[in-house]
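To start, the structure under review is shown below, and the notes come after it.
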Amino acid sequence: MSKKEKIEICHCNIIHNDIVEEVRKLLPGNDVCINLAEFYKAFADQTRLKILKALLHSEMCVCDLTAALGMTQSAISHQLRILKNMKLVKYRKAGKVIYYSLDDNHIKDIFKAGFDHINE
């Protein structure tokens, strides 16, 4: 910031007390904010985003995800564990094969909305 630019500072106290009180009532508690921040951190990794994008298209096993993403099975498994813990993906067993998919429609909607926003 150059010396010519001035930062505007509010020199008053509360102007709209009714709005301030309404907003205070709507603010989530610290625990909710921490959980939400952790939830969004799961989207902050390139590999996890690729896994989620793949699972948005189709249910897949680790072997197929490994082939599609060109990564090691260990790397994919590690990221899937994080996504499972964050309740972003779920799995089902069919014999010896474990298939992964997005946990629910909320995850699909959030993920699609993010891509839609970026691609505008």
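Values in this text are rule-based calculations from the coordinates and carry no lab data. Predicted model, so just to flag it, every value in this text is computed and none were measured. Ideal geometry is used to build each Cβ from the backbone, glycine not excepted, and the neighbour counts take in all protein chains shown.
The 3J(HN,Hα) values that the Karplus relation (6.51, -1.76, 1.60; θ = phi - 60°) gives for the stretch 24-34 are, in residue order, 4, 5, 7, 5, x, x, 4, 4, 5, 5, 5 Hz. Gly and Pro appear as x. Between 0 and 90 degrees, rounded to the nearest ten: what's the tilt of helix 105-118 against the longest Cα principal axis of the chain? Approximately 70 degrees, to the nearest ten.
Between H117 and F39, the FRET efficiency from the beta-carbon distance, with R0 = 30 Å, is close to 0.95. FRET efficiency for the pair K53 and V23, taken as 1/(1 + (r/R0)^6) with r the Cβ-Cβ distance and R0 = 41 Å, rounds to 0.70. Amide H to amide H distances under 5 Å link V89 with K84, D103, where only residues 5 or more positions off or on other chains count and H is placed in the peptide plane.
Model label sites at S77 and K6, defined 7 Å from Cα along the beta-carbon direction, differ in position by 6.4 nm. Among S58, S101, a tally of other beta-carbon atoms within 10 Å of each Cβ gives an order, fewest to most, of S58, S101. Between the amide H of F43 and any residue lying 5 or more places away or on another chain, no distance stays under 5 Å, with hydrogens modeled in the peptide plane. Just subtract the alpha-carbon distance of C61 and K93 from 0.36 nm times their residue separation and send over the number in nm, one decimal. Roughly 10.6 nm would be gained on extension.
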